[in-house]
Amino acid sequence: MPDVSNSEIASLLERYGQLLEIGGESSFRTRAYTRAADAIRHYPGPVAALARQGTVQTIEGIGVGIAGVIEEFVRTGSVDDLKNLQKRVPISLLDLVEIPGLGAKSVIRLFAELGIVDLAGLESAANSGRIRELAGFSIKTEQKILVGIESVRRRSGRYRLGAVLPLGRRLIEELRAILPPITEMSLAGSVRRMDETVADLDIVIGTADRAVAINALSDLPTVSGMESDEGEHVRFRLHDGLGLDAIIVSPERFGVEMIRATGNAAHLALLGSLPDAPSEEAVYTSLGLPLIPPEIRLGRNEIELARSDRLGSLISASAMRGEFHCHTVWSDGALSVLETVQAAAERGFQFLGISDHTRSLGVANGLDAERLQAQRAEIIKTRTQCGIRVFASAEVEVARNGTLDFDDDVLAELDIVIASTHVGLRQPKEELTTRLFGVLENRHVDIIAHPSGRLIEQREPGDFDWERVFATAARTGTALEINADPARMDLSADHARQAIAAGCLLTINCDAHHPAGWDQLEYGLANARKAGATTDQVLNTWPVERIEAWLHERGRSVRS
DNA sequence: ATCCGCACGGATAAGTAGGACAGCCTACT
């Protein structure tokens, strides 16, 4: 029996912390569990091994109490205190907290006063009008709950790409270490296509020795067991609940099965019948096509692009010269301005925009005008130190009424301005859209960050009138961001495609709070490529002089 | 619950606005 994985321990602690919160524990105590979960999820080695040695407390954020929980979990597979807690606070209540507008306090009251323990119970209580009878709840709340139940149900069973892709890559690495070097293997399916959510993990293995491959898969520490074995298609389940589909084929058919397992269905339909071949290239070649990158296998115009030799015009990582949106210790980032700029220079960035949060985003220690000015002085100083162009920027809050955190004269002092909507995303369509129009028309605003405001599998996008938003952004020349944070991937691929069609300029930014955040660029790039973006349409690929000229045209007094 | 400066006790995660309701809960990175 292999040890539990770090992500299993992390999930356990996270669940524990959430249940404590619903149970009314102090926020400091519950927070400690969440922090411990984060520390373990990011810990480079196997935490279970540390637990067995009794040295798990060496990890920052884990003390006597949580170490005890982890050790018990590793040893016995469960935790007695957590079981007892679950008698008092049913674990299915965690689903209820996911509903927008319901927090721990409301959920525990629904449980205590109406005996509601899960989504089904909540739904029937709302439908029969029992919730409105509780003090502090109303018909309106009831309706909000019913809408919320739907959105929680819609996303159940799917995982964010950002949660699954790193796991999939690690599985492949682990398999490579076990299996003979001649074995071919790769991720396939929606993970390989970089779809924003995935239902399960697909792996294709090309080997003459099926039994060895199956044994290797079964022995992986994250695999809990085999679920079905149907010839070439073997299904496993991981400890954290994710399904793993392995397609095990002879090496001569590895290429064609990769294409089939990668999909998508519409792309396969466009390709028609496929010849057996050991590599994807060979299959595409026999169809008279170059290799089509997985993320654009969408059944749209990718065949056309390939036939007319235009795949190379799609934006790629190598075309990116820098980023406009990142954070430092001045708001909620991890490093100083100088450290951040140095890290950017080391990565080969030719420019970097520093854009910390502003005043009204108190939770992120947003800058007021005075601190902004002080930061600006610090930014200017770094320009001579690191050899890259540093733009003084800010991620300026858009208030519910559409006003920005700074007056025009303060905005005018910045090299480039990003506007960002974090509050009031649930406004009705007309109100929300009109508010954004005001921001787009502001000549001091150059970029709209994560325009829809969605958090994948967690928060619905704002209900904007996108067609009019894109038309307006195209006219004002305001760039729209594809935020590469895997929780956001915002604009979505479809919205980015619409924006391009409307003539909008795009920018791809990682919204990094630490240099490691720049490793997530691929999530933003995927959406840009799915949307068919070329370098000309993405601000980050322009030479610094062209960016400065663009800013100058927009009326900025750009100083180097 | 954990960490840190000090050796046990305090700090840690802000603070405002909005919605629904009459004093409270939730959302925002």
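Computed over the alpha-carbon pairs of the stretch A:1-144, the distance histogram in 5 Å steps reads 2, 10, 19, 19, 14, 12, 9, 7, 5, 3, 1, 0 percent, short to long.
With contacts taken as Cα pairs under 8 Å at a separation of at least 6 residues, chain A carries a relative contact order of 9 percent. Check which residues have an amide H placed less than 5 Å from residue A:205's amide H, if you skip close sequence neighbours. The list, which skips near neighbours in sequence, is A:247, A:248, A:249. When +1 charges are put on Lys and Arg Cβ atoms and -1 charges on Asp and Glu Cβ atoms, the dipole computed for the stretch A:26-136 relative to its Cα centre reaches about 200 debye. How large is ³J(HN,Hα) for each residue in the stretch A:270-279, as worked out from phi by the Karplus curve 6.51 cos²θ - 1.76 cosθ + 1.60 (θ = phi - 60°), to whole Hz, x for Gly and Pro? Coupling constants for the stretch A:270-279: 5, 6, x, 6, 10, x, 5, 6, x, 10 Hz.
Here chain A carries DSSP beta bridges of which approximately 45% are antiparallel, counting only pairs with both residues inside. Bridging of residue A:429 to lysines at a Cα separation below 26 Å is possible for A:140, A:144, once same-chain residues fewer than 8 apart are set aside. The calculated P(r) of chain A, using every Cα pair and 10 Å bins from 0, goes 3, 15, 23, 25, 22, 11, 1, 0 in percent.
Across all C-alpha atoms in the stretch A:334-403, the radius of gyration and Dmax reach 13.2, 41 Å. Relative contact order for the stretch A:6-163: 19 percent, from Cα pairs under 8 Å spaced at least 6 residues apart, divided by residue count. Under 5 Å between amide hydrogens, built in the peptide plane, is the criterion, and for residue A:353 it picks out A:323, A:324, A:325, A:391 among residues at least 5 positions away or on other chains.
Each residue of the stretch A:461-475 is assigned a 3J(HN,Hα), and the resulting list reads x, x, 8, 7, 7, 4, 4, 6, 4, 5, 4, 5, 4, 5, 6 Hz, derived from the Karplus form 6.51 cos²θ - 1.76 cosθ + 1.60 (θ = phi - 60°), x at Gly and Pro.
For the stretch A:313-319, putting each phi into the Karplus relation 6.51 cos²θ - 1.76 cosθ + 1.60 with θ = phi - 60° gives couplings of 7, 5, 4, 9, 4, 5, 7 Hz, in residue order, rounded to whole numbers and with x for Gly and Pro. Under a 5 Å amide H cut-off, with hydrogens placed 1.01 Å from N, residue A:482 pairs with A:491, A:507, A:508, A:509 among residues at least 5 apart or on other chains.
Taken together, the values in this text are just the output of simple stated rules run on the coordinates, not laboratory data. All values reported here derive from a predicted model rather than from experimental measurement. Using ideal geometry, Cβ is built from the backbone for each residue, glycine included, and neighbour counts are taken over all protein chains shown.
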